[in-house]
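Just below is one structure, and these are the notes that go with it.
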Amino acid sequence: MTILLLLIPIALFLGGLGLLAFLWSLKSGQYEDLEGAANRILFDDDKQP
Amino acid sequence: MGEVAHNLQAPLEGFAVKDIGANCCAGGAVSLAQSSGTIADFQEFVAANPDAFVTRDEDGNALLHVLVEHMHCANCIRTIEATLKSNTAVCEARVNFSTRRLLLRWNEDLASASDLVKPVIDLGYALTPYDIEIMQLVGDEEDRRLLKALGVAGFAAMNVMLLSVSVWAGIFSADMGPSTRDLMHWVSALIAMPTVAYSGQVFFKSAIAALRAGRLNMDVPISLAVVLATGMSLSETIQSGEYAYFDAAVTLLFFLLVGRYLDNRARSKARSAAERLLLMKAVAATVIEADGSHRSVSVDAVTPGTLVHVAMGERFPVDGDIFKGRTTVDNSLVTGESLPIDTQQGNPVFAGTMNLSAPVQVLATKTGDNTLLGDIVRLMENAEQGRAKYVRLADRIAEYYAPAVHVLAALTFAGWWLLGADWQAALFQGVAVLIITCPCALGLAVPVVQVVASGRLLQNGILVKAADGLERLAQIDTVVFDKTGTLTEGRLDLTNQAEIQNADLDLAACIAKSSKHPLAAAVARMGTNTGMVFDVQEHPGLGLSAEAEGGEVRLGSREWCNVAVDMGDLTAGPELWLSQPGKKPVQFLFEDCLRHKAADTIAELEKMGLAVELLSGDRPSVAADVAAQAGILQWRASVKPEGKVERLSELKALGRTVLMVGDGLNDAPALSSAHVSMSPATASDVSQTAADFVFQGRSLSAVVEAIRVARFSHKLVVQNFGMAFLYNAVAVPLAIMGFVTPLFAAVAMSSSSLIVCANSMRLKVKEKENKK
C-alpha cells in the first residue's frame with residue numbers, strides 16, 4: 001500500500017490544479033456571458049473577438 | 001468557414017420564427033413585433049436622457065450600459081456589434097447575451113450616445129440606458145467571496161469523498177488495515193480543517209451575530225454541526241477510531257454554500273428610493289431681485305414670497321402661483337395627467353413639473369420640503385415604514401427548525417448517556433443527529449427555485465429587484481393599475497394619420513418640431529423630414545405660428561386657428577388644427593394608446609381569479625374611457641398620490657393582498673405601500689427604485705407572466721420543503737437510535753439536496769414547453 005503515499009499527493013495536486021483553474025477563470029470574468037459564448041462560436045470572420 | 005456558418009443559418013432562422021412569431025434573424029435584424037415602432041423607440045431612448053447614465057473610464061472614454069430588447073440569436077449579437085463598431089468613435093461594443101445588456105465604450109468628442117445607437121434602434125432593437133449601480137446585484141464583493149469559499153469547499157469535498165469512499169470500501173471488503181485507514185483519516189483531516197476554517201466563516205460569522213442579538217437562526221445549527229463533526233472526527237482520528245465525519249462536514253459546507261451563493265445572487269441592490277427622488281428636483285433656481293436683476297441660487301435658499309424666473313423646458317423649483325406670463329405645464333410626473341395644462345397668471349404650479357412653452361415668473365408659496373414633491377417623498381417614506389416587514393418563508397421555518405434541532409440533539413446525547421453509554425459515545429450520537437438534520441435541502445429549497453425563476457423572467461424582460469418579491473407576488477389576489485404610462489403608452493399618438501394629406505402632415509411636423517408640447521411632439525414624430533425651415537413663434541396656451549410663402553400658417557387649438565366650433569370630429573379627445581391661408585383647416589386627433597396586449601392581459605388576470613382595479617390621477621372621462629377599452633370594471637379617477645395609498649390600505653383592511661403596477665412619481669408612494677409592486681422600465685427612476693419588479697418592453701403581458709412564474713415557483717418551494725421534511729422524518733429517528741454511519745449520512749444528505757435541485761429545474765422544463 002506504499003503506492004498510496006505517492007498516489008494521494010498526486011491526486012491532491014491535480015485537484016489543486018483544478019481549484020486554481022477555477023479561481024483563475026472566475027477572476028478573468030469567464031462566467032459573465034455563458035450564452036453569448038455559445039453563440040459567438042458561429043461567427044466566422046476572424047476580426048470578431 | 002463561410003459555408004458552415006451559412007448552413008447553420010437555416011435552422012437558426014427556423015427556430016427564431018417559431019420563437020417569436022416574426023422573422024427576426026434572417027438577414028441582419030429586420031424590424032420586429034411592431035415594425036412602425038422604431039421611431040418611437042428612438043424617441044423613448046432620447047427621452048430617457050442617456051447622457052445622465054454615461055460614466056467615464058480611466059482613459060477618458062465614455063461608458064454606457066444599455067438594455068437590449070428583441071435579441072434572439074448569434075446574428076443579432078453580430079449585427080449589433082458590427083453596426084456599432086462601424087462608427088469610428090466606438091472603441092468597444094460588447095453584448096452580454098445572457099443578461100441582454102450592451103456595454104458601449106466610445107470617444108465622446110466624436111459622437112453623442114444618441115447618434116451612436118440610432119442605427120441599432122433602426123434595426124429593430126429597442127434600447128434602454130440603465131444605471132449600473134442600481135442594477136448590480138448585491139455587493140459583487142460578497143458574491144466573489146462566496147464563490148471562492150464555494151470553490152474551496154468543492155475541492156475539499158471531492159478529495160475527502162475520494163478518501164472516504166476508499167475507507168468505506170475497506171469496511172465492506174474488510175481487508176484494509178487500521179494503519180491505512182488512519183492514514184486516510186489523517187489526510188482527510190488535513191484537507192477538511194483548513195476548509196472548514198476558510199469556507200465555514202460565512203456561517204460562523206452570521207451565527208455569532210445572531211447569538212449576540214439573542215436570536216437563533218439557521219446558521220447556528222449549521223455552525224455547530226460542522227464544528228462538532230470536525231472536532232469529533234479529529235479526536236476519533238487521534239484515537240485511531242473507526243468512523244470520521246470529515247466528508248460529511250465538507251459536503252455540508254459545499255451544499256450550503258451553493259444555496260447561500262444562489263440566494264445572494266437573487267438579492268439586488270436598490271438605492272434608497274427617497275434619495276433618488278430628491279434628485280428629480282431642480283437644483284438651482286433663478287431668483288428675481290427687487291431691482292429686476294436675475295440671480296441663480298440653490299433651491300434650498302428660496303423662501304416663500306420670492307419671485308422666481310423659470311425658463312422654457314425647465315422644471316419648476318418651487319410650488320407657487322404664476323406671477324407673470326402664460327405657459328403650458330406638463331404635470332404628468334406629479335398628477336398622472338397625460339395632457340399638459342394651460343397655465344396663466346394666478347394659476348398654481350408645483351415643484352417638479354415641467355414648464356413647456358414659455359418663460360414665466362412664479363411667486364413662490366411653498367419651498368423646500370413643504371412642496372407637493374416633498375409631500376410625496378414623505379408619503380413614500382411613511383408608506384415604506386408602514387408596510388409590515390415581510391418575513392420570508394425560509395426564515396419563518398428556521399425560527400422553529402433551529403431550536404427543534406438543538407433540543408433533539410441534546411435529548412439524544414442525554415438519552416444515550418442515561419442509558420449507560422459513556423459520554424463520548426453519547427456525544428457521538430448527538431452530533432450524528434446534528435449532522436443529519438443540517439438543513440442542506442432546506443437551504444437549497446428556496447434559492448434554487450428563485451434563481452431558475454429569475455432567469456426565466458429575465459429572458460422575458462422582467463427584472464426581479466426584491467429578493468422576496470416572487471414569494472410575495474405569489475400571494476396576491478388583487479391587481480391595481482395606474483393609467484398613464486402603465487395601462488397606456490404614456491405618450492400621445494396621432495390617430496387619424498390616414499385622413500391627413502402627406503404635404504399637410506409634413507408642414508405641420510416641421511412647425512411642430514420647435515415645440516416641447518406633447519401634441520406637437522406627436523405630430524413631429526410622424527412627419528418625414530423635408531428640410532423646410534420656418535421661423536416659428538410659440539403662443540402659450542394657444543399654439544404655434546410660422547411665416548410661410550402664402551402668409552401665416554398656424555398650428556394649435558381650435559380657437560387659435562379660427563375654426564368654427566362645430567367643425568370636424570367633436571367627440572374625440574385632444575386635437576390640434578392646422579390652418580394655412582386659402583386652405584381648409586386640417587384636424588389632427590390624438591390618443592394615448594393602450595399598451596400592447598393590455599386588454600388581453602386584463603382578461604387573462606381575471607381568468608386567473610384576480611380582481612383588477614384602475615386608479616388614475618387623470619380626469620374621470622379619460623379614465624372611464626381607458627377602463628372601458630381595457631375591460632376594467634372597477635376604476636377611480638382624479639386620485640391624488642395620498643388617495644392611492646389610502647385606497648391600498650382600504651383594500652388591505654378588507655383582507656386583500658395587492659399588486660400595484662404603476663410608473664409615475666405620483667404612484668411611488670402607492671408602489672412602496674402595496675404588498676408587492678411592479679413598474680415598466682419607462683417609469684420614473686423613483687418608481688423603478690420603489691418597485692419590486694421592473695418589466696421592459698411595451699407589452700403588458702409581462703404582468704401575467706410574472707404572476708404565473710411566481711405561483712409556480714411557490715408551488716415548487718412548498719414541494720421542496722415537503723421533501724426536505726420527509727427526508728428528516730426518515731433520517732432523524734435512525735440517527736437518534738444510532739444507526740447512522742458516515743456512509744449513510746453522506747448518501748442521505750446528498751440525495752435529498754439533489755432531489756430538491758432536480759425538482760426546481762422543472763420550472764425550466766415548463767418554460768421550454770411553453771415556447772413550443
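Among the residues of region B:172-181, how many are within 19 Å of A:Ile3 (Cβ to Cβ) and either of a type in the set (A, V, I, L, M, F, W, C) or crowded, with 16+ Cβ neighbours inside 10 Å (or both)?
2
List, please: which pairs have Cβ atoms under 8 Å, are six or more places apart or on different chains, and start with a residue in region B:97-125 that is over 24 Å from A:Leu42 (Cα atoms) and end with one that is in a helix (DSSP H, G or I) and modelled with pLDDT of 80 or more?
The qualifying pairs are B:Trp106/B:Leu116; B:Leu116/B:Leu84; B:Val117/B:Leu84.
Can you tell me which residue in region B:683-733 is modelled with the lowest pLDDT, limited to those that are among the small types (Gly, Ala, Ser) and not in a helix (DSSP H, G or I)?
By that ranking, first place goes to B:Ser684.
Name the residue that is modelled with the highest pLDDT, counting only residues in region B:87-102 that are within 12 Å of another protein chain (Cβ to nearest Cβ) and in a loop (DSSP other than H, G, I, E, B).
Ranking the candidates gives B:Phe97 first.
Please determine whether any residue of region B:130-151 is closer than 30 Å to B:Ala746 by Cα, away from every other protein chain (no Cβ under 13 Å) and at pLDDT below 85.
yes
For region B:419-518, which strands (runs of 3 or more DSSP E) that fit wholly inside it have 2 or more residues that are over 18 Å from the mean Cα position of the chain (by Cα) and charged (D, E, K, R)?
Fully inside region B:419-518 and qualifying: B:488-494.
Report, by residue number, each residue of region B:564-588 that is hydrophobic (A, V, I, L, M, F, W, C) and at pLDDT 80 or above.
B:Leu576, B:Trp577, B:Leu578, B:Val586, B:Phe588, listed by residue number.
Report every pair of residues separated by at least 6 positions or lying on different chains whose Cβ atoms are under 7 Å apart, first residue within region B:166-183 and more than 13 Å from chain A (Cβ to nearest Cβ), second assigned to a helix (DSSP H, G or I).
Within 7 Å, the pairs are B:Trp168/B:Leu743.
Any idea which of (1) under 20 Å from B:Lys118 (Cβ atoms); (2) modelled with pLDDT under 80; (3) among the aliphatic types (A, V, I, L, M) is the one B:Ala5 doesn't satisfy?
Result: B:Ala5 passes all but (1).
What single numbered condition from (1) at the interface with chain B (Cβ under 8 Å from one of its Cβ atoms); (2) in contact with a Phe, Trp or Tyr (Cβ under 8 Å, 6 or more places away or on another chain) fails to hold for A:Leu26?
For A:Leu26, the failing item is (2).
Take B:Ala33 and decide whether it is modelled with pLDDT under 80, over 23 Å from A:Asp33 (Cβ atoms) and not in a helix (DSSP H, G or I). Please lay out each step first, then the result.
Numbers: modelled with pLDDT under 80: yes; over 23 Å from A:Asp33 (Cβ atoms): yes; not in a helix (DSSP H, G or I): yes.
So B:Ala33 fits the description; yes.
Out of the residues in region B:224-259 that are closer than 13 Å to B:Phe203 by Cα and surrounded by fewer than 21 Cβ atoms within 10 Å (Cβ to Cβ), state the one that is nearest to the chain's Cα centre (by Cα).
B:Leu224
For the structure I just gave you, tell me whether B:Val391 is closer than 27 Å to B:Phe255 by Cβ and either exposed (fewer than 15 other Cβ atoms within 10 Å of the Cβ) or out of contact with any helix residue (DSSP H, G or I) (no Cβ under 9 Å at 6 or more places or on another chain) (or both).
yes
The values are calculated or read from the model by the stated rules, or taken from the named source; none is laboratory data. Everything numeric here is computed off the predicted structure, so don't read it as measured data. We place every Cβ from the backbone using ideal geometry, glycine too, and count neighbours over all the protein chains shown.
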